[in-house]
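Here the structure comes first, spelled out in structure tokens, and everything after it is commentary.
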């Protein structure tokens, strides 16, 4: 921080210096400003990388890549994910109860649906361009990138809490709204609007009422109804242990991502890998534009950017296995879990936060 | 002890397809079956493991049913309509059961 302060002070002046055998160089306030910004991004990234959350993920990833026998029992992983969904939904509801409802809530939900439905088209074109992947698999992957990863969202909220940055509580509801539209876009990309997509009423029900969405939205409404008094009653359960539980969950996610990387590396070429890095950045830009248009706070902007940048690995893979069984699950699961999720967790979120702060003045 | 001929059908299928398969079996009049969790495995689509599986799109289950030999084709037609395009294995083995009236 001392370095940054120093840079700020110096940036008011123009310094001149000369290398022994070189022409005169000028360091303008502009360059100092950029240096300070870069240092800030770097400091934020290092700070994020050294957090228990990311280090837990790294431990799981390393253990898995080293073929350790460390595993999480299925029931434990399920219980932890239920806890996290309940806690994040509840806290979002309390925040809405505290700050009230305004028209931005409805517009944010609409923006989430539009983003979720639009991003698969961008992802589809980018993936075909970078890797030349066939239409079926490209559409299946694209569906994942329009939908969201709730764990990435939780990690972003945790970063905001750690920095004392507030956000709109209803972003939890936006996350839920962004789960499903991307699946329809992906199926449309396969059938090109022709009748015959494999969406039946049972699949609709499974997508819209999948356990994650029901719990997230349900807890959101409980938090909204009970407000701060409700939070005080269960505070010791859903606030204090939250980060510790998140660390455990991300340890498991690291194991899962590592397994995905090991098993799926043959399924991905350099073009697909590049897509797994570039697409979240492009998605985050779409999210940022929407956040600025809606006038969201810095925290809200980060969360919408993160949602737009993340790729699903829970709801969409299950839907794709039913609706597009010919698509190769190794491709979309490896990209989503093995490439984009680690990228967002380690580099993406600090990058999006810096951009969000710069663009919203937060 | 008196035993009777029967067919044991084992269908290992993606977890996402489980309810569709059991619905199809019930519509075909096959009301008795057992669903078993499958720990892990490897096949044409690569390795998979139940432990720590968060994706819901990659796990497998096994649906086992025992049926009278004359009803086998009906069951297989119903099951095949569901599993045709999906990852999985369908196998049929001869077996003996004690209480024939239950199948």
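Go through the stretch A:179-216 and give me each residue that's assigned to a helix (DSSP H, G or I), within 13 Å of another protein chain (Cβ to nearest Cβ) and either at pLDDT 85 or above or farther than 20 Å from residue A:152 by Cα (or both).
As a first pass, look at the stretch A:179-216 and keep what is assigned to a helix (DSSP H, G or I): A:181-191, A:201-208, A:211-216.
If we keep only those that are within 13 Å of another protein chain (Cβ to nearest Cβ) too, we end up with A:183, A:201-203, A:205-207, A:211-213.
Answer for the stretch A:179-216, where residues must be assigned to a helix (DSSP H, G or I), within 13 Å of another protein chain (Cβ to nearest Cβ) and either at pLDDT 85 or above or farther than 20 Å from residue A:152 by Cα (or both): A:183, A:201, A:202, A:203, A:205, A:206.
Taken over the stretch A:348-362, the criterion of being at positive phi and assigned to a helix (DSSP H, G or I) is satisfied by no residue. Being within 27 Å of residue A:361 (Cα to Cα) and surrounded by fewer than 22 Cβ atoms within 10 Å (Cβ to Cβ) is true for just one of A:172, A:113. Which residue is that? Criteria check complete, one pass: A:113.
Count of the stretch A:304-347 residues, restricted to those that are within 9 Å of residue A:149 (Cα to Cα) and not in a helix (DSSP H, G or I), is 5. Restricting A:250, A:208 to residues that are closer than 24 Å to residue A:80 by Cα and surrounded by fewer than 19 Cβ atoms within 10 Å (Cβ to Cβ) narrows the list to A:208. Selection of the stretch A:303-338 for residues being away from chain B (no Cβ under 14 Å) and more than 23 Å from residue A:180 (Cβ to Cβ) yields an empty set. Only strands (runs of 3 or more DSSP E) whose full extent lies in the stretch B:1-96 are considered here, and the ones with at least 3 residues that are at the interface with chain A (Cβ under 10 Å from one of its Cβ atoms) and surrounded by 14 or more Cβ atoms within 10 Å (Cβ to Cβ) are B:46-49.
Given the structure, is residue A:77 modelled with pLDDT under 85, out of contact with any strand residue (DSSP E or B) (no Cβ under 6 Å at 6 or more places or on another chain), part of a helix (DSSP H, G or I) and within 13 Å of chain B (Cβ to nearest Cβ)? If you could, list the steps in order and put the result at the bottom.
Values: modelled with pLDDT under 85: yes; out of contact with any strand residue (DSSP E or B) (no Cβ under 6 Å at 6 or more places or on another chain): yes; part of a helix (DSSP H, G or I): yes; within 13 Å of chain B (Cβ to nearest Cβ): yes.
Answer is yes for this residue.
The residue list A:219, A:173, A:257 contains one member that is within 14 Å of chain B (Cβ to nearest Cβ) and in contact (Cβ under 8 Å) with a residue 12 or more places away in the chain, which is A:257. In the stretch A:274-293, the condition of being part of a helix (DSSP H, G or I), free of Cβ contacts under 8 Å to residues at least 60 places away in the same chain, more than 14 Å from chain B (Cβ to nearest Cβ) and closer than 26 Å to residue A:137 by Cβ is met by at least one residue.
The values are calculated or read from the model by the stated rules, or taken from the named source; none is laboratory data. All of these numbers come straight from a predicted model, not from anything done at the bench. Virtual Cβ from ideal backbone geometry, glycine too; neighbours counted across all protein chains shown.
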